[in-house]
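Quick notes on the structure that follows.
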Ligand SMILES: [Zn+2]
């Protein structure tokens, strides 16, 4: 029989999860598995998905960002501190993506913080290939530790998942075998995903892509596409009129008609540019969405982005 205090703890966990609405579909409480031995919190949804995949029943996974939130503009909520207070592990990307999470996490005694992206991904914000006469988008980019969007490369995702398996095993050694064997199976899926993406986009190799912000540099690099410019030189901030004008001129000169926008950032500028060049806006999703069955896991989100790229480039 379970004691009254254990019951109260479980009830409290349910209440906290319900108020979080966290990574579960909006408004629905996340299921709390009574067998879970480790409570782990991810900053963004793709990392939460990896926690679920690797953690299985042994990990109670939570996510700080809710659908529609961007890590670039996120302001922590009181419930974020609450959930971190119960957790053993905080899983971040690092590389300057979520400084707010690190600040929050370091204030919690005994919480392990793991940054899966630290030290991997060699792209700076200005290191992708540029050509003479291209838009210079270095100005104002504010990712001092290099481009932090490493999770959007399946190749780098494999390294991140390996690190996650190691972190879970250190935090919960009794279940290390389970974490490692799940990560091995999942890494095979990630490797297959990379092959699939390269094959699907091979037709468009060398094509130049205009995105909302610099989220997809690593992904485009992996599949042989070249990032041309981002609409938002500062992620989450609207660009200047002068910058947009230069971008529109460049797109007209090079007959680039598709603007890739993102669900978490304002589509205003993308819409204006697309109508200026007589083109279209196509969505790429760097974070996924638990409420959308087409993007509710990392693998599905990446396949969605692959199809969106093919669609956006195919019509030009
Ligand atoms: Zn970003």
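Counting neighbouring beta carbons within 10 Å and listing from fewest to most, the residues 234, 298 come out as 234, 298. This ranking places 83, 113, 44 by how few other beta-carbon atoms lie within 10 Å of each, fewest first, which gives 113, 83, 44. Summarising the label geometry, the points placed 7 Å from Cα in the beta-carbon direction at residue 86 and residue 249 lie 5.6 nm from one another.
Between residue 176 and residue 103, what is the FRET efficiency for a Förster distance of 30 Å, r being their Cβ-Cβ separation, to the nearest 0.05? It would help to have the intermediate numbers written out before the result.
Values: r = 30 Å, r/R0 = 1.00.
Taking R0 as 30 Å, the efficiency between residue 176 and residue 103 is 0.50.
Computed extension length for residue 145-residue 184: 11.1 nm, one decimal, from 0.36 nm per residue of separation with the Cα-Cα distance subtracted. Placing a label point 7 Å from the Cα of residue 195 along the Cα-to-Cβ line, the residues of region 158-188 whose backbone N sits under 17 Å from it are 158, 184-188. Simple spin-label estimate for residue 242 and residue 275 gives 2.5 nm between the two label positions (7 Å along the Cα-to-Cβ direction from each Cα). The overall shape of region 199-314 is oblate: from the C-alpha gyration tensor, with semi-axes ordered a ≥ b ≥ c, the ratio a/c is 1.5 or greater and a/b is no larger than b/c.
For the pair residue 202 and residue 234, label points projected 7 Å from Cα toward Cβ lie 4.4 nm apart.
As a proxy for reagent exposure, 181, 266 were ordered by neighbouring Cβ count within 10 angstrom, fewest first; the result is 181, 266.
Read the figures in this text as sums done on the coordinates, not as results from a lab. Just so you know, these numbers come straight off a predicted model, no measurement behind them. Glycine gets a Cβ as well: all are built from the backbone with ideal geometry, and neighbour counts include every protein chain shown.
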